[in-house]
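Q: Below: one structure in structure tokens.
The values are calculated or read from the model by the stated rules, or taken from the named source; none is laboratory data. Being a predicted model, the structure only gives us computed values, none of them experimental. As a convention, Cβ positions derive from the backbone with ideal geometry for all residues, glycine included, and neighbour counts pool all protein chains shown. SASA here: full protein model, heavy atoms, side chains in, ligands and nucleic acids out. Shrake-Rupley method; radii C 1.70, N 1.55, O 1.52, S 1.80 Å.
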Amino acid sequence: MTRRAQQTLIGAVRGFADRHLDDDAVCVALSGGADSLALTAAAIRAGLTVHAVVIDHRLQTGSAAVAARAAETAREVGASAEVREVTVEGAGGLEAAARRARYAALGEARDARPVLLGHTLDDQAETVLLGLARGSGARSIAGMREWSAPWGRPLLGVRRADTREACAGWRLPVWDDPHNDDPRFTRVRIRKEVLPLLDEVIGGGAAESLARTASQLQDDADALDPPATELLEQCAYGRVLDVEPLRSAPAALRTRVLRGWLRSVGANDPVYRVVRSVDALITDWRGQGPVAVGGDERARLVVTRRAQELTVKRVPR
């Protein structure tokens with residue numbers, strides 16, 4: 001069992017490298033947990049030149065020691081390593097702020113190398129369920145991509161249990177983040193409560209089925225996103241959107257254009273209700289008032305229609 005898990009990980013990294021990498025030099029985002037430790041060790045064994053980047057979010061007592069130990073473990077398995085401290089702050093809650101800080105630090109550290117992330121099939125299943133629950137469209141349900149330069153996820157076809165088994169076989173000291181068991185976080189409850197119940201109800205295989213759903217939706221996105229991007233370029237002028245080219249566009253393209261435009265003007269994650277309301281300014285125009293699409297503590301972002309244009313404005317609170 002242990003050897004099978006190790007070979008599964010090494011094979012996953014080799015396959016990923018064959019499909020996506022032009023060079024053997026990579027960074028690995030290393031937390032010290034089983035997934036990223038197993039990825040680091042597997043990448044070394046797959047013949048890659050690995051530089052591990054450990055992000056210390058400084059959110060827990062003893063985080064510096066945890067980060068230092070993770071970096072030392074990476075060196076012991078044949079990687080170079082560094083620790084980068086970040087400050088977690090800003091809107092969107094702790095998870096979102098930590099993610100922004102982490103990705104920014106990884107982007108600075110990578111030095112033109114791709115960055116490998118330890119997301120597994122289980123993480124993909126959780127992401128799909130979260131997207132379904134939020135109702136934020138096919139892009140969200142499509143989950144994480146294996147490769148979206150410079151970010152790579154070689155383990156999206158590997159179960160979390162295999163990473164733990166491989167770490168045990170390689171005698172790697174795994175750190176279990178207490179946040180991963182904290183029910184205050186929605187993803188933790190998805191992992192601990194929803195997915196096990198779904199597995200029980202349908203007789204197993206829920207995670208694999210959700211991951212397959214993500215893969216199929218990514219294929220759909222690959223077909224729809226390029227024409228949507230082209231249409232967005234035709235009708236968007238900064239904070240102004242020309243309505244006329246969108247009138248006859250299929251809904252799947254039109255809503256992609258609207259999501260892309262809203263993100264470009266500062267609406268970070270436009271949910272279904274917001275997109276539908278903005279879409280109604282195009283397809284069901286009856287003189288309705290502004291649509292709130294986001295903002296911050298100082299001002300709201302609203303979309304208004306005048307003649308044949310939609311415009312985003314900041315309205316002081």
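Q: Keeping to the range 68-103, report how many residues are over 22 Å from residue 154 (Cβ atoms) and of a type in the set (Gly, Ala, Ser).
A: Summing the residues that are over 22 Å from residue 154 (Cβ atoms) and of a type in the set (Gly, Ala, Ser) in the range 68-103 gives 9.
Q: Where residues in the range 47-67 are farther than 15 Å from residue 153 by Cβ and assigned to a loop (DSSP other than H, G, I, E, B), which of them is most open to solvent (accessible area, probe 1.4 Å)?
A: If we take residues in the range 47-67 being farther than 15 Å from residue 153 by Cβ and assigned to a loop (DSSP other than H, G, I, E, B), then 61 is most open to solvent (accessible area, probe 1.4 Å).
Q: When only residues in the range 285-317 that are at pLDDT below 95 and basic (Lys, Arg) count, which is most open to solvent (accessible area, probe 1.4 Å)?
A: 306
Q: If you don't mind, another one. Looking only at the range 83-95, which residues are assigned to a strand (DSSP E or B) and not β-branched (Val, Ile, Thr)?
A: 84, 85
Q: Something else about it: Residues that are of a type in the set (Lys, Arg), surrounded by 14 or more Cβ atoms within 10 Å (Cβ to Cβ), touching a residue at least 60 places away in the same chain (Cβ under 8 Å) and part of a helix (DSSP H, G or I): does the range 231-239 have at least one?
A: Checked against the condition, which is being of a type in the set (Lys, Arg), surrounded by 14 or more Cβ atoms within 10 Å (Cβ to Cβ), touching a residue at least 60 places away in the same chain (Cβ under 8 Å) and part of a helix (DSSP H, G or I), the range 231-239 yields no hits at all.
Q: Moving on to the next point. Find all pairs meeting these conditions: Cβ atoms under 6 angstrom apart; at least six residues apart or on different chains; first residue within the range 154-177 and among the charged types (D, E, K, R); second residue modelled with pLDDT under 95 and in a helix (DSSP H, G or I).
A: If the second residue must be modelled with pLDDT under 95 and in a helix (DSSP H, G or I), the pairs left are 165/2.
Q: Name, by its number, the condition in (1) closer than 20 Å to residue 141 by Cα; (2) surrounded by 12 or more Cβ atoms within 10 Å (Cβ to Cβ); (3) not aliphatic (A, V, I, L, M) that does not hold for residue 175.
A: (1)
Q: Please go through the range 140-175 and pick out each residue that is in a loop (DSSP other than H, G, I, E, B), over 17 Å from residue 211 (Cα atoms) and under 21 Å from the mean Cα position of the chain (by Cα).
A: If the condition is that a residue be in a loop (DSSP other than H, G, I, E, B), over 17 Å from residue 211 (Cα atoms) and under 21 Å from the mean Cα position of the chain (by Cα), then 149, 150 are the ones that fit.
Q: Further question on the same structure: So which residues in the range 176-185 are part of a loop (DSSP other than H, G, I, E, B) and among the acidic types (Asp, Glu)?
A: Once the filter is applied, which keeps residues that are part of a loop (DSSP other than H, G, I, E, B) and among the acidic types (Asp, Glu), the range 176-185 yields 176, 177, 182.
Q: Next up: Given the criterion open to solvent by 20 Å² or more (accessible area, probe 1.4 Å) and within 19 Å of residue 178 (Cα to Cα), identify the matching residue among 20, 119.
A: The match here is 119.
Q: Could I ask something else about it? If you go through the range 68-82, how many residues are assigned to a helix (DSSP H, G or I) and either in contact (Cβ under 8 Å) with a residue 40 or more places away in the chain or open to solvent by less than 60 Å² (accessible area, probe 1.4 Å) (or both)?
A: 6
Q: Moving on. Among the residues of the range 186-210 satisfying the criterion of being in a helix (DSSP H, G or I) and open to solvent by less than 40 Å² (accessible area, probe 1.4 Å), which is nearest to residue 93 (Cα to Cα)?
A: 188
Q: Given the conditions (1) at pLDDT 95 or above; (2) out of contact with any strand residue (DSSP E or B) (no Cβ under 7 Å at 6 or more places or on another chain), which single one is not true for residue 60?
A: Residue 60 satisfies every listed condition except (1).
Q: Restricted to the range 1-17, and to residues that are open to solvent by 50 Å² or more (accessible area, probe 1.4 Å), more than 23 Å from the chain's Cα centre (by Cα) and not polar (S, T, N, Q), which residue is modelled with the lowest pLDDT?
A: Looking at residues that are open to solvent by 50 Å² or more (accessible area, probe 1.4 Å), more than 23 Å from the chain's Cα centre (by Cα) and not polar (S, T, N, Q), I get 1.
Q: Which residues, counting only those in the range 244-284, are open to solvent by 20 Å² or more (accessible area, probe 1.4 Å), in contact (Cβ under 8 Å) with a residue 24 or more places away in the chain and in a loop (DSSP other than H, G, I, E, B)?
A: Across the range 244-284, the qualifying residues are 247, 266, 268, 269, 271.
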